[in-house]
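Enquirer: Handing you a structure now.
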Amino acid sequence: MKKIALLFVGLAALLYGTKAFPQQPDFLFEQQYPFEWSYAGTHSLEICNEKGGTECYFVTACDLNTIGYTTGGKDLMIRDDIQPAKVLKLSPEGELLGEMAMSEEGRYSSIIRLYHDPSNPKFCLAVGTVLDSTLSCVKPYLAKFDTNLNMVWLKIIELPEDYCNILGGRSLMDSQGDIVFCSWPFHFDPNGYSEWSNMLYLRLSSDGELLAMGDSPYYSNLFCLAQGDLFEYKDDTGDYGQTFVGQPEGYNNPPVFIVRMNRDFTDFQTRDLVENITIDSTDGIIIHDYYAESFAVSLHDGTIYLSTRGVRWDGWSPGLYDEVIVSMKLDQNDSIVAFSFIPHDNDSVRTLAFCHGMDASDNGDFFLCNGVYDSEAWQYQGEIDGLNRFTVTKTDANTNIIWSRSYEDGEHVFQPCSVMATSDEGCLVTGRYWTLDQTEAELFVLKFFADGSLSVSEKESFVRPYAYYPNPVKAQLLMQFSPDVQPKQIELYDLQGRLVRTQSKAFESIDMGQLPAGTYTLRVTLEDGKVFSDKVVKE
C-alpha cells in the first residue's frame with residue numbers, strides 16, 4: 001500500500017483566491033472532420049475582452065496523414081484528400097463561430113502553436129509548416145490573424161536548400177516576444193525511409209523576421225530522440241532549454257536530459273537527469289520510453305518543473321505496460337527535490353497513449369493530461385480496438401497533486417492531445433475520439449472547472465475522482481482517491497443485486513479473494529453525497 005500512498009504524499013489543502021475572471025461554463029465541443037489522422041488541439045488559446053470576460057477560444061486541428069510516413073515522397077504533400085491545418089473559433093459555451101485554413105485545400109500545412117500578438121491583444125500568431133508555392137518544399141511559417149479569423153499576413157521563412165523539408169516541431173514565445181521554433185529537417189527517399197538531419201532551431205520576431213538560426217548537435221527522428229518542450233530560463237542569460245527523452249545513438253533504455261542553449265543557438269550544453277527514481281527499497285520509477293513527450297517550465301526561483309513518462313517496477317524487471325506520468329521539480333543543479341506520479345487507471349495492464357500535455361496557470365499551478373488504453377488492444381496503425389480513458393490532474397509547483405479526474409464515457413476511444421489552463425483556474429482538454437467500429441471520428445474540447453468538476457450532469461457522470469485496479473481482480477481491489485474528495489462508503493453488489501461487501505473505512509483496498517468469479521457492481525459514495533457505479537470482474 002505504500003506506493004499508493006506515495007502518490008498523495010505532502011498534499012496541502014487548496015485555497016482559491018479572488019478570481020480575475022468569472023467562472024465559465026463547461027462544455028463538450030464536438031466537430032466531425034474528414035481527417036484520416038486528425039491531431040486536434042495542438043494548442044488552444046483563450047482570448048479575453050476588455051471587461052475581463054472570456055470572448056472566445058481558438059483550437060487548432062491538423063491532418064497528420066501527409067508527409068514522411070509512407071513511400072511516395074512529394075506525392076504526399078499535395079493530394080485531393082489532404083486537409084490543411086485549421087484554426088477553429090469557439091464561444092465560451094462551445095459553439096463553433098468560424099474556422100480559418102492555413103493553406104489551400106489539398107495542400108499540406110500544420111500548426112505547431114498559437115500565441116497572442118505581444119503588440120496587440122486583438123491579433124494572434126500561428127507558427128507551423130506549410131508547402132510553399134513551388135509545391136516541392138515544406139517550410140516554416142509565421143501567420144498573423146485577428147480575432148475574427150481574418151488573415152493579416154502569412155510569411156514563409158526562407159531557409160538554405162539543405163533545409164528544404166521541415167516536419168513537426170516545438171515552439172516557444174520568450175519574454176521579449178520572439179518565437180523560438182525547433183523542427184526536424186529531412187530529405188525524401190522515394191525508395192523507402194527518409195533521411196533525417198540534426199534538429200534545426202530558429203528564432204523569429206513577432207513580425208516574421210528571421211533573427212537567428214542554428215543546428216542542434218543531436219541527430220533526431222521520431223523513434224530515437226523525442227524532443228520535449230522548449231522553455232526560457234528565468235535568469236539574466238536569456239538562454240533557452242529543451243527536454244529530451246532518448247539518445248542519438250539509439251533507443252535502448254533512453255534517459256531524460258535537458259539541453260541549454262543560448263539565444264543565437266551557437267552553444268549547446270547537455271545536462272543528464274537521474275534515470276531511476278527510487279521510491280523505497282523495492283519500488284521505483286524508470287524514465288523509459290523513446291516515444292515520450294516531456295514538458296518543462298522554468299520557475300522564477302530557478303527551479304524547473306518537468307513532466308514526462310516512466311515505468312513503475314515492483315522490485316522485479318520493469319513491466320512494459322505499467323507506465324505512469326512523472327512530475328519532477330529540479331533545483332539549479334538538476335537534482336530532483338520533489339516528485340509525484342500519476343498511475344494508470346483501473347485495469348492491471350495499461351499503457352499510456354503517445355500524447356499527453358501540460359500547461360501552467362497564472363497562479364503557479366499545473367495541469368497534466370494523459371490518455372491510457374489497454375495495451376493488448378493497440379494496433380500498429382495507431383487505432384485502438386478497446387475502450388480507454390484520459391486523466392486530467394492539477395498539481396502545485398512542488399508536484400503535490402491537488403485533484404485528479406478520469407474521463408470515460410464507455411462508448412468511445414479518446415486520444416487527448418493538449419491541455420490549456422484557463423483564466424478561471426480551470427482548463428481545456430482538446431483531442432479526438434472515435435467509435436469502436438471506427439466509423440465516426442470527432443474533435444472535442446472539454447472544459448473542467450477549477451475544482452475538477454463539470455456542470456453538465458450527463459458529462460459529470462463520466463468523470464471519476466478515483467482509480468480502482470487491477471480489473472479483472474483476483475484478490476485485493478486497490479482504491480486510490482483524488483486528495484480533494486473523501487469517500488464515505490464502498491459497496492459491492494453481485495449480478496442479482498445482492499450486497500456482498502460494504503466498507504465505511506480503510507478505503508485503500510477491498511478484499512474480493514473469497515468471492516465467486518463473475519461481474520460485480522462497485523458503488524462508491526462520497527461525503528458530499530455523489531455516488532458512482534462501476535463494473536469490476538472477479539477472476
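Enquirer: Cβ-Cβ below 6 Å, separation at least six or inter-chain, first residue in the range 296-309 and touching a residue at least 24 places away in the same chain (Cβ under 8 Å) and closer than 8 Å to residue 234 by Cβ, second among the hydroxyl-bearing types (Ser, Thr, Tyr) and open to solvent by 30 Å² or more (accessible area, probe 1.4 Å): which pairs?
Expert: none
Enquirer: Across the range 81-115, what is the total count of residues that are open to solvent by less than 10 Å² (accessible area, probe 1.4 Å) and part of a strand (DSSP E or B)?
Expert: Number of matching residues: 6.
Enquirer: Now for a separate question. Evaluate the following for residue 300: is it touching a Lys or Arg at 6+ places or on another chain (Cβ under 6 Å), at pLDDT below 65 and in a loop (DSSP other than H, G, I, E, B)?
Expert: no
One line per residue, one yes/no per condition, for (1) open to solvent by less than 20 Å² (accessible area, probe 1.4 Å); (2) hydrophobic (A, V, I, L, M, F, W, C):
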site: 397; (1), (2): no, yes
site: 403; (1), (2): yes, yes
site: 407; (1), (2): yes, no
site: 424; (1), (2): yes, no
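Enquirer: I need every pair where a residue in the range 420-434 that is farther than 11 Å from residue 446 by Cβ and in contact (Cβ under 8 Å) with a residue 12 or more places away in the chain has its Cβ under 9 Å from the Cβ of a residue that is buried (at least 23 other Cβ atoms within 10 Å of the Cβ) and basic (Lys, Arg), sequence separation at least 6 or different chains.
Expert: Short answer, once both residue conditions are applied: 422/447; 425/394.
Enquirer: Of all residues being of a type in the set (A, V, I, L, M, F, W, C) and surrounded by 12 or more Cβ atoms within 10 Å (Cβ to Cβ) in the range 517-530, which is farthest from residue 478 (Cα to Cα)? Just the residue, please.
Expert: Among those that are of a type in the set (A, V, I, L, M, F, W, C) and surrounded by 12 or more Cβ atoms within 10 Å (Cβ to Cβ), it is 526.
Enquirer: Is it fair to say residue 447 is part of a strand (DSSP E or B), farther than 28 Å from residue 507 by Cβ and at pLDDT 85 or above?
Expert: Yes; evaluated as a whole, the condition is true for this residue.
Enquirer: Inside the range 140-164, can you point out the residues that are touching a Phe, Trp or Tyr at 6+ places or on another chain (Cβ under 8 Å) and not hydroxyl-bearing (Ser, Thr, Tyr)?
Expert: Matches in the range 140-164: 140, 143, 144, 145, 146, 151, 152, 154, 155, 156, 157.
Enquirer: A further question on this structure: Please determine whether any residue of the range 231-243 is modelled with pLDDT of 60 or more, within 19 Å of residue 368 (Cα to Cα) and in a loop (DSSP other than H, G, I, E, B).
Expert: Checking the range 231-243: not a single residue is modelled with pLDDT of 60 or more, within 19 Å of residue 368 (Cα to Cα) and in a loop (DSSP other than H, G, I, E, B).
Enquirer: Still on this model: Any residue in the range 514-534 that is part of a strand (DSSP E or B), touching a helix residue (DSSP H, G or I) at 6+ places or on another chain (Cβ under 7 Å) and farther than 30 Å from residue 47 by Cβ?
Expert: Looking for residues that are part of a strand (DSSP E or B), touching a helix residue (DSSP H, G or I) at 6+ places or on another chain (Cβ under 7 Å) and farther than 30 Å from residue 47 by Cβ, one finds none in the range 514-534, hence no.
Enquirer: What residue, of 162, 146, is out of contact with any helix residue (DSSP H, G or I) (no Cβ under 8 Å at 6 or more places or on another chain), open to solvent by less than 40 Å² (accessible area, probe 1.4 Å) and of a type outside the set (Gly, Ala, Ser)?
Expert: 146
Enquirer: Counting only residues that are closer than 19 Å to residue 470 by Cβ, free of Cβ contacts under 8 Å to residues at least 60 places away in the same chain and not in a strand (DSSP E or B), how many does the range 487-513 have?
Expert: So the count comes out to 4.
Enquirer: Among the residues of the range 461-516, how many are among the hydroxyl-bearing types (Ser, Thr, Tyr), out of contact with any Ser or Thr (no Cβ under 7 Å at 6 or more places or on another chain) and surrounded by 19 or more Cβ atoms within 10 Å (Cβ to Cβ)?
Expert: Selection size over the range 461-516: 1.
Enquirer: Report yes if residue 538 is crowded, with 17+ Cβ neighbours inside 10 Å, more than 18 Å from residue 406 (Cα to Cα) and not hydrophobic (A, V, I, L, M, F, W, C), otherwise no.
Expert: Against the criterion (crowded, with 17+ Cβ neighbours inside 10 Å, more than 18 Å from residue 406 (Cα to Cα) and not hydrophobic (A, V, I, L, M, F, W, C)), residue 538 qualifies.
Enquirer: Go through the range 116-143 residue by residue and tally those that are in contact with a Ser or Thr (Cβ under 6 Å, 6 or more places away or on another chain) and crowded, with 18+ Cβ neighbours inside 10 Å.
Expert: Residues that pass the stated criteria total 6.
The values are calculated or read from the model by the stated rules, or taken from the named source; none is laboratory data. Note that the coordinates shown come from a computational prediction; the quantities given were computed from them, not determined experimentally. Cβ atoms come from the backbone with ideal geometry, glycine included; neighbour counts cover every protein chain shown. Only protein heavy atoms, including side chains, enter the accessible area calculation; ligands, DNA and RNA are left aside. Shrake-Rupley method; radii C 1.70, N 1.55, O 1.52, S 1.80 Å.
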